[in-house]
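The values are calculated or read from the model by the stated rules, or taken from the named source; none is laboratory data. All values derive from a computational prediction rather than experimental measurement. Counting neighbours? That spans all protein chains shown, and the Cβs are built from the backbone with ideal geometry, glycine included. Quick note on the areas: whole protein, heavy atoms, side chains included, nothing else; ligands and nucleic acids left out. Shrake-Rupley method; radii C 1.70, N 1.55, O 1.52, S 1.80 Å.
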Amino acid sequence: MRILIAEDDEVLSDGLCRCMKQSGYAVDCVKDGQSASLILSGEQPFDLVILDLGLPKVDGFNVLRGLREKNKQVPVIILTARDAEGDRVKGLDLGADDYMVKPFSLPELEARVRALLRRGQCGVNPVLTCGALSFDSVGRRAQINGELLELTTRELSVLEALMTRIGWVTSKEQLLERLYSYAEEASSNAIEVYIHRLRKKIEPAGVTVRTIRGLGYIIDKAAETKS
Ligand code: CA
């Protein structure tokens, strides 16, 4: 899951960014409306946007308007100090999915982020299984035969990417996109390391991650030894 934070308050932006990263999301931060519009019209899809209204260059309302005019349906939470009824109505009418007023509670913002991401996955079975391995995409946890599998946030993101594409190859680029924001130095070697660790951890489920040379990875049941 990839989140964009558009917030010009340095302290708040850093805090939000850190908190969202800890929850396992790939996070990009921009400090003005122009950069927000630019990154949102790029090829990289975002799963959610946290948008301040009082932004330099282009204000949040115009960022949102531009986004919806391009028919981009990414969920947007407006996070602003403006608490007037008129602003709330305008924000929601322009196509925001939620509106929170500063000062806000961080756990509540996180819950609202989860709620919107969940809605985005409507119709997708939240629990994906491969052999004895199951992955709960809403609770973001993996189990082997009902027992919780301990994974780091990065390993979890790799597993999530693979499990949502069972039967399909996931390329290294797709994994890099899911795991890293623009600002982070991403290397494909790191992906190999995560895949290696993940393989060991899911082995007891009789599941493996196959390397498809030149294409990427696919999660599959390990080949059974024929008797
Ligand atoms: Ca601001």
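The mean accessible area for residues of the chain, using a 1.4 Å probe and ignoring ligands and nucleic acids, is 53 Å² per residue.
May I ask you to derive the FRET efficiency for K57 and R210 from their Cβ-Cβ distance with R0 = 41 Å, giving the value to the nearest 0.05? Present the calculation step by step, with values, prior to reporting the outcome.
Values: r = 47 Å, r/R0 = 1.15.
Computed FRET efficiency for K57 and R210 comes out at 0.30.
Computed extension gain for M100 through K200, at 0.36 nm per residue and net of the alpha carbon distance, reaches 31.8 nm.
The simple Förster model, with R0 at 45 Å and r as the Cβ-Cβ distance, assigns E147 and S188 a FRET efficiency of 0.90. Partners of K31 within straight-line reach, counting lysines whose Cα lies under 19 Å from its Cα and excluding those fewer than 8 residues away in the same chain: K21, K57, K102.
Find, among the GluC sites (Glu not before Pro) in the stretch 23-115, those assigned to loop by DSSP (not H, G, I, E, B) with at most 16 other beta-carbon atoms within 10 angstrom. Could the numbers behind the result be given before it?
Numbers: sites: E43, E69, E85, E108, E110; in loops: E43.
Hits after loop and neighbour filter: E43.
Amide H contacts of L48 (H built 1.01 Å from N, in plane; Pro and chain starts excluded): R2, L4 sit under 5 Å, all sequence-distant by 5 or more or on other chains. Of the accessible area of the stretch 127-224, computed with a 1.4 Å probe over protein heavy atoms only, carbon and sulfur atoms account for 49 percent.
May I ask you to derive the FRET efficiency for I166 and Q44 from their Cβ-Cβ distance with R0 = 35 Å, giving the value to the nearest 0.05?
Working: r = 24 Å, r/R0 = 0.68.
That pair, I166 with Q44, gives E of 0.90.
Going by accessible surface with a 1.4 Å probe and the largest first, V207, V138 read V138, V207.
Here the sum of -39500 (n - 2.57) over DSSP H runs of 4 or more residues, divided by the residues of the chain, equals -12000 deg cm²/dmol at 222 nm, to the nearest 500.
Size descriptors for the stretch 2-120, from the alpha-carbon set: Rg then Dmax equal 12.8, 35 Å. Extending 7 Å from the Cα toward the beta-carbon at both E69 and V89 defines two label points whose distance is 2.3 nm.
Normalized C-alpha radius of gyration of the chain, against 2.2 N^0.38 Å? Provide the component values of the computation, followed by the final result.
Working: Rg = 19.4 Å, N = 227, 2.2 N^0.38 = 17.3 Å.
In units of the 2.2 N^0.38 Å rule of thumb, it is 1.12.
Report, to the nearest whole %, how much of the accessible area of the stretch 2-120 belongs to carbon and sulfur atoms, 1.4 Å probe, protein only.
Heavy-atom surface of the stretch 2-120 belonging to carbon and sulfur, 1.4 Å probe: 49 percent.
Report the semi-axes of the equivalent ellipsoid for the stretch 87-181 in whole Å, largest first, where each axis is √(5λ) for an eigenvalue λ of the Cα gyration tensor. Show your work: numbers first, answer last.
Details: eigenvalues 188, 50, 38 Å².
Semi-axes (√(5λ), whole Å): 31, 16, 14.
Mind checking the full-extension length gain between K221 and E173? Use 0.36 nm per residue of separation minus the Cα-Cα distance, one decimal, nm.
My answer for the length gained is 14.9 nm.
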